[in-house]
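See structure below.
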């Protein structure tokens, strides 16, 4: 494990399409998968890092995925006033090797999703359509959305309408609606003619 301690933590920021969200990218794997914290309660339960970040007065949401953290700020703060402080905080936290996400988080979230009907069963032709829609979202949409510090999850398919959940920088972002309608909806309609519309819920 010697190399772990000797590799310095690198951290830089990337703009996202949402002016109130900024992506803080590190050279360490923080969490394999996605973890979206819209509330301090959820953060306190599952993520020591997100919980600490929520103590900063300007933090409104924390989204952790792979090697980056996307922070959504309160509107009355300017990034130029808070970016440096946030960068130093994340860098110090990761350098000390502290826990980012508690064990069991992914399982707990999967259980909540299953209970809220995200995973309810589709049958016959509809099941095949849903499988195709999910694959298209995972292959073509997710990677692009992740580049912008966000995430998109399939929620449901009903009478031609695909519902998706937008997380991270995509949640509440003005341009995500445009992306959704022109990009995602257009692609799904072309590839799966049964799709008539795509609607988003904010995660």
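Throughout, read-outs are computed from the coordinates displayed, never taken from laboratory work. If you're wondering where the values come from, they're calculated on a predicted model, not measured in any experiment. Every residue, glycine as well, gets a Cβ built from its backbone with ideal geometry; the counts of neighbours run over all protein chains shown.
For helix 105-115, report the angle its Cα long axis makes with the longest principal axis of the Cα atoms of the chain; keep it between 0 and 90° and round to the nearest 10°.
30 degrees
Tell me the Kirkwood radius of region 3-136: reciprocal of the mean inverse pair distance over distinct alpha-carbon atoms, in Å.
Details: mean 1/r = 0.0605 Å⁻¹.
Hydrodynamic radius (Kirkwood, Cα pairs) of region 3-136 is 16.5 Å.
How far, in nm, would the chain grow between residue 112 and residue 196 when pulled straight, counting 0.36 nm per residue and subtracting the alpha carbon separation?
Numbers: separation 84, 0.36 × 84 = 30.24 nm, distance 2.81 nm.
The span from residue 112 to residue 196 would gain 27.4 nm if fully extended.
Express the relative contact order of region 2-107 as a whole percentage, based on alpha carbon pairs under 8 Å and six or more residues apart in sequence.
Values: 152 pairs, mean separation 31.4, N = 106.
That works out to 30 percent.
In whole angstrom, note down how far apart the Cα centers of region 16-57 and region 135-162 are.
Computed from Cα coordinates, the inter-centre distance equals 20 Å.
On a 0 to 90° scale, report how tilted helix 124-136 is relative to the longest principal axis of the chain, with both axes built from alpha carbons and the result rounded to the nearest 10.
That helix lies at roughly 40 degrees to the long axis.
For residue 88 paired with residue 163, estimate the spin-label separation in nm (one decimal), with each label point 7 Å from Cα along the Cα-to-Cβ line.
So the label points at residue 88 and residue 163 sit 4.5 nm apart.
Where does each of 39, 182, 21 land when they are ranked from fewest to most other beta-carbon atoms within 10 angstrom?
The order, fewest Cβ neighbours first, is 182, 39, 21.
Going 7 Å from the Cα of residue 147 toward and past its Cβ, which residues in region 19-61 have a backbone nitrogen under 19 Å from where you end up?
Within reach of a label on residue 147, which here means backbone N under 19 Å from a point 7 Å along Cα→Cβ, region 19-61 contributes 19, 21-26.
How large is the helix-only mean residue ellipticity at 222 nm for the chain, computed as the sum of -39500 (n - 2.57) over DSSP H runs with n ≥ 4, divided by its residue count, in deg cm²/dmol to the nearest 500?
-10500 deg cm²/dmol
Can you put 77, 12 in order of Cβ neighbours within 10 angstrom, beginning with the fewest?
So the residues, fewest neighbours to most, are 12, 77.
Over the chain, what relative contact order in percent results from Cα pairs under 8 Å that are six or more residues apart?
Worked out over the chain, it gives 21 percent.
With a 10 Å Cβ neighbour count serving as the proxy for reagent exposure, in which order, fewest first, do 101, 112 appear?
So the ranking, lowest neighbour count to highest, is 112, 101.
What angle do you read, to the nearest 10 degrees and between 0 and 90, between the alpha-carbon axis of helix 79-95 and the longest principal axis of the chain?
80 degrees
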